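Here the structure is laid out as structure tokens; the discussion comes afterwards.
The values are calculated or read from the model by the stated rules, or taken from the named source; none is laboratory data. The structure presented is a predicted model; accordingly, all values stated were derived computationally and were not measured. Virtual Cβ from ideal backbone geometry, glycine too; neighbours counted across all protein chains shown.
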């Protein structure tokens, strides 16, 4: 069973731990990471969540994301999640921290409460779709999109995304600011 460190509203550990199940059943605040992968062509990797996922099945999402297990740093969790979900080995040094955001989603008729503070990372690497090896328990597909296409999706003109609108806009803003 997976356990998380309980955190306060400022992201500080309280000294308590909670099981994954209890964290989501009771809405207990914990940490998670989102990792955006951008290739040398400036394309962004998106993944389609597996149909068996409890939260947002079959929707397109961040390149890789997941919870920070008890005793782990955000960077350790980010490296682990990227490898587990899409089979790509990255180092902590490649992780560029962009921002953090609070998430509090109540899903599935109130039976799943996702109350977490997410650290958003960016990794720029020389990768192609051939380098990606998805874990079909969590991910059903992955592909690179050019920034304009991703922006169209964010604006509702494309595939359906997990509703992280603020995060998508901030990541897009950052990537577009570097191009100019």
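Here is how the numbers come out for the structure above:
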| item | result |
| --- | --- |
| Residue match in region 116-129 (condition: free of Cβ contacts under 8 Å to residues at least 24 places away in the same chain and either in contact with a helix residue (DSSP H, G or I) (Cβ under 6 Å, 6 or more places away or on another chain) or assigned to a helix (DSSP H, G or I) (or both)) | yes |
| Given (1) touching a helix residue (DSSP H, G or I) at 6+ places or on another chain (Cβ under 7 Å); (2) surrounded by 17 or more Cβ atoms within 10 Å (Cβ to Cβ); (3) under 30 Å from residue 145 (Cα atoms), index of the condition residue 49 fails | (1) |
| Per-region count, region 69-109, residues touching a strand residue (DSSP E or B) at 6+ places or on another chain (Cβ under 9 Å) and farther than 17 Å from residue 36 by Cβ | 10 |
| Selection status of residue 106, under 25 Å from residue 25 (Cα atoms), over 17 Å from the mean Cα position of the chain (by Cα) and surrounded by 12 or more Cβ atoms within 10 Å (Cβ to Cβ) | yes |
| Check on residue 113, crowded, with 16+ Cβ neighbours inside 10 Å, in contact with a strand residue (DSSP E or B) (Cβ under 8 Å, 6 or more places away or on another chain) and in a loop (DSSP other than H, G, I, E, B) | no |
| Selection count, region 63-72, where residues are closer than 19 Å to residue 113 by Cα and under 14 Å from the mean Cα position of the chain (by Cα) | 4 |
| Residue count for region 144-158, restricted to those that are loosely packed, with under 13 Cβ neighbours inside 10 Å and either in contact (Cβ under 8 Å) with a residue 12 or more places away in the chain or in a loop (DSSP other than H, G, I, E, B) (or both) | 4 |
| In region 46-59, the residues that are under 22 Å from residue 110 (Cα atoms) and touching a strand residue (DSSP E or B) at 6+ places or on another chain (Cβ under 8 Å) | 49, 50, 51, 54, 55, 56, 57, 58, 59 |
| Those strands (runs of 3 or more DSSP E) lying entirely in region 1-109 with at least 3 residues under 17 Å from residue 131 (Cβ atoms) | 30-38, 44-49 |
| Within region 164-180, considering residues that are exposed (fewer than 14 other Cβ atoms within 10 Å of the Cβ) and either farther than 21 Å from residue 53 by Cα or touching a residue at least 24 places away in the same chain (Cβ under 8 Å) (or both), the one farthest from the chain's Cα centre (by Cα) | 180 |
| Cβ pairs under 6 Å, 6+ apart, first in region 94-114 and within 13 Å of residue 23 (Cα to Cα), second at pLDDT 95 or above and outside any strand (DSSP E or B) | 112/24; 113/24; 113/27 |
| Every residue from region 130-143 that is over 29 Å from residue 7 (Cβ atoms) and touching a residue at least 60 places away in the same chain (Cβ under 8 Å) | 132, 134, 136, 140, 141, 142, 143 |
